[in-house]
Amino acid sequence: MGSRRRGIRSLATILLAGLVSVNAVAQQRQSPRVDIPPPPPEPITDPPPVEEPPQTVELSANLVTVAVVARSSSGDLVTDLSATDFAVFEDGKAQQVDQFFRQGDVPPLRLALLFDASLSVRTRLDFEKRAAKRFFSQAFRAGDQAALYTVASKWTLMQPLTGSVGSLVDATDHIEAGGTTSLYGAVIAASQYLGESDGRRVLVLLTDGYDNAARETLAATLEAAQRSDIVIYGISPAGTGDSKSQVAKLGSAALNQLCEQTGGRAFFPAIEMTPEAEVQSLDRIYQRIIAELQAQYVLTYYSNDTAKDGRFRPLRVDVRRPGVTVSSRKGYYAR
């Protein structure tokens, strides 16, 4: 009886094991196992480079530019000189010319015409405007630009720098006379304005040279022009002032100083009897200025004195060809 019971338990155990095995197989058939691949390894990247602060390059030498006009003993322009014909001195010390440019190769022109529009020119205004418009129409090459200022109780920038002759002519048409003459303030403003541009910087002043607004000094005006490397040409419709009032003489002296110290020229046409004759005289002077600008030489050198001390440094340009003289600026401010 005991052995029978043991046999029954053994049989039940075998049946139970079989049921478990069958159930496991059924589950495998109903839900096949899916192998999930492991996530890919994180890519190995180099840390971002550390940006170095930009280096500031300090130039140890000071490049100086000098515009030069050469004339013969008879006053004719001399245009066939070479670099070896010139000698440049700064503070009395000879400098080595680095680059040399002459007609056709010189940098483009950046010119401002300062037109005296005070009440003193009211009777001549229309004729002076005609001459100025012809000047703009004839003065420029490709790449040149000009601006127009009017000078009265306040100066006004009538036309910013442009290569459009039409815009300059149109601005000239809109000039009206009135007020006093704030000449020095206009020269300072125009010098600073042109000083922000590249090229040969020229101011042409159509004025008697007398500032009756008295806000700035002649010394401060000249310094502003020299700091911006400006060449000044002046035209005084009032004549030389030799037989005129003290005011005319003071104006002529101021105009001469501004022009001579910056390398330009002052013109004092005779006072003509008729307006038409005056226009013809202005036309001839404008043509002379155009010819001188086209005949300019440009010299550059690296100063032997590399200190940027803001000091005024006298300049002198000599020419080695006999009978030839030159006009150039008389100095610059180191910066």
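Every number here is computed from the coordinates shown, using simple stated rules; none is lab data. Small disclaimer: the values here were computed from a predicted structure and weren't measured. Note that we place each Cβ from the backbone using ideal geometry, even for glycine, and neighbour counts take in every protein chain shown.
When each of Phe268, Phe135 is scored by the number of other beta-carbon atoms lying within 10 Å, the sequence from fewest to most is Phe268, Phe135.
Can you classify the range 109-295 as rounded, prolate or oblate using the Cα gyration tensor, where a ≥ b ≥ c are the square roots of its eigenvalues, rounded means a/c under 1.5, and otherwise it's prolate if a/b beats b/c and oblate if not? In terms of gyration-tensor shape, rounded.
Counting neighbouring beta carbons within 10 Å and listing from fewest to most, the residues Asp126, Asp305 come out as Asp126, Asp305. Arranged from fewest to most other beta-carbon atoms within 10 Å of their beta carbon, Val121, Val97 become Val97, Val121. Amide H to amide H, with H built 1.01 Å from N, Val204 comes under 5 Å of Ala112, Leu113, Leu114, Tyr233, counting only residues 5 or more places away or on other chains.
Using θ = phi - 60° in the Karplus curve 6.51 cos²θ - 1.76 cosθ + 1.60, the 3J(HN,Hα) couplings for the range 126-141 round to 4, 6, 5, 5, 4, 5, 5, 5, 5, 4, 4, 6, 10, 7, 10, 9 Hz; x is entered for Gly and Pro. Computed from phi, the 3J(HN,Hα) profile of the range 179-186 under the Karplus parametrisation 6.51, -1.76, 1.60 (θ = phi - 60°) reads x, 8, 10, 8, 5, 5, x, 5 Hz, with x in place of Gly and Pro.
For Ala266, the residues whose modelled amide H falls within less than 5 Å of its own, excluding neighbours fewer than 5 places apart on the same chain, are Gly234. Backbone amide hydrogens, once placed in the peptide plane, bring Asp144 within less than 5 Å of Leu109, excluding anything fewer than 5 places away on its chain.
Sorted by average packing, counted as other Cβ atoms within 10 angstrom per residue and highest first, what order do 175-187, 318-330 take?
Numbers: 175-187: 20.7, 318-330: 15.6.
Order by mean packing, descending: 175-187, 318-330.
Using a/c under 1.5 as the rounded threshold, could you call the range 252-335 rounded, prolate or oblate? The axes a ≥ b ≥ c are square roots of the C-alpha gyration tensor eigenvalues, and prolate needs a/b larger than b/c, oblate otherwise. Because a/c hits 1.5 or more and a/b exceeds b/c, the range 252-335 counts as prolate. For the set Lys154/Lys330; Lys308/Lys330; Lys154/Lys308, the pairs lying more than 24 angstrom apart at their alpha carbons are Lys154/Lys330; Lys154/Lys308. Converting phi to 3J(HN,Hα) with the Karplus coefficients 6.51, -1.76 and 1.60 and the offset θ = phi - 60°, the range 310-319 yields x, 6, 6, 10, x, 10, 9, 10, 10, 10 Hz in sequence order, with x at every glycine or proline.
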